[in-house]
Amino acid sequence: MELPVVITMLKYFSLTTLLLTLLPIMSSQAETASADNLSVLMPFKARYTTEWKVGWFSIDVDATRELKQLDQQHWQLTFEAETSAAKLRESSRFTLTPEQRIQPLHYTYRASGLFNEDDRTLQFLPDTHSIRDQENNKTYPQAWQDEIHDNLTYMLQAGLDLATGQQQLSYPVFEKNRNKPFRFEVIGEETLNTRAGKLETVKVRQIRKKKDREIIAWFAKDKHYLLVRLRDKKDGKKRYEINIRDIQM
């Protein structure tokens with residue numbers, strides 16, 4: 001065999017060997033980069049249809065969940081639902097660490113009609129490790145915990161944590177005048193046919209001491225683990241269900 005042919009073959013063999021060596025590494029890095037990308041918070045606007053069971057009848061409500069980035073550090077998440085018989089608006093302003101950990105700063109709750117509850121305006125004060133309710137002018141230093149959440153942000157944090165592959169989730173959530181542990185576990189994956197299209201989802205169940213209540217949530221894997229369905233049952237009967245109908249990201 002002539003020398004130039006041998007050299008060409010050796011070059012080809014070396015290149016092939018190098019590619020075979022690097023491809024698994026490159027593939028692994030691509031998968032990691034893809035996972036990292038999904039675990040980064042992204043602005044969105046999602047519209048839902050919501051069915052509420054109120055006594056012996058049900059009402060259908062259109063709802064919107066929207067995340068905006070206010071500046072480099074601050075974000076705002078809002079949830080709004082409205083019908084002729086009821087109106088609800090929740091809003092949370094928070095900061096986000098480089099590690100994608102959410103720290104709520106200001107939370108408001110306003111409801112009327114069938115959803116009527118007392119207004120809530122909460123300040124989360126990380127410098128003093130306390131929570132202040134502006135409606136009743138009370139401060140709750142004993143309620144503070146690391147990575148405390150409000151009634152909106154814990155679901156957003158759950159999506160970020162699911163994107164990193166976590167199977168067990170736990171968050172202290174401040175409600176009204178105390179914090180409560182909200183714990184979840186991944187119970188599988190499911191393909192959902194929704195009005196927003198076919199979605200590959202992770203299915204998550206809330207872990208509760210009392211077995212008469214079941215809350216299950218679905219997060220879309222290719223939509224930055226956005227919440228796309230949530231079902232609440234008590235004594236086997238559906239209390240309410242939220243379903244995605246439109247996603248803008």
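The residue that is nearest to the chain's Cα centre (by Cα), counting only those in segment 67-95 that are more than 21 Å from residue 48 (Cα to Cα) and at pLDDT below 95, is 73.
Do we have any residue at all in segment 152-171 that's at pLDDT 95 or above, among the polar types (S, T, N, Q) and under 24 Å from residue 81 (Cα atoms)? Checking segment 152-171: at least one residue is at pLDDT 95 or above, among the polar types (S, T, N, Q) and under 24 Å from residue 81 (Cα atoms).
Here segment 99-137 is the region considered, the condition is being at pLDDT below 95 and among the aliphatic types (A, V, I, L, M), and the residue that is surrounded by the fewest Cβ atoms within 10 Å (Cβ to Cβ) is 114.
Among the criteria (1) free of Cβ contacts under 8 Å to residues at least 12 places away in the same chain; (2) surrounded by 15 or more Cβ atoms within 10 Å (Cβ to Cβ), the one residue 228 does not fulfil is (1). Within segment 106-119, identify whether any single residue is of a type in the set (Lys, Arg), in contact (Cβ under 8 Å) with a residue 40 or more places away in the chain and part of a strand (DSSP E or B), and answer yes or no. Looking through segment 106-119, none of the residues is of a type in the set (Lys, Arg), in contact (Cβ under 8 Å) with a residue 40 or more places away in the chain and part of a strand (DSSP E or B).
Of all the criteria given as (1) assigned to a strand (DSSP E or B); (2) open to solvent by 60 Å² or more (accessible area, probe 1.4 Å); (3) farther than 21 Å from residue 46 by Cβ; (4) not small (Gly, Ala, Ser), the one not satisfied by residue 166 is (1).
The values are calculated or read from the model by the stated rules, or taken from the named source; none is laboratory data. Computed from a predicted model, the values in this text were never measured in an experiment. FYI the Cβ positions are ideal-geometry reconstructions off the backbone, even for glycines, and counts take in every protein chain you see. These area figures cover heavy atoms from the full protein model, side chains too; ligands, DNA and RNA do not enter into them. Shrake-Rupley method; radii C 1.70, N 1.55, O 1.52, S 1.80 Å.
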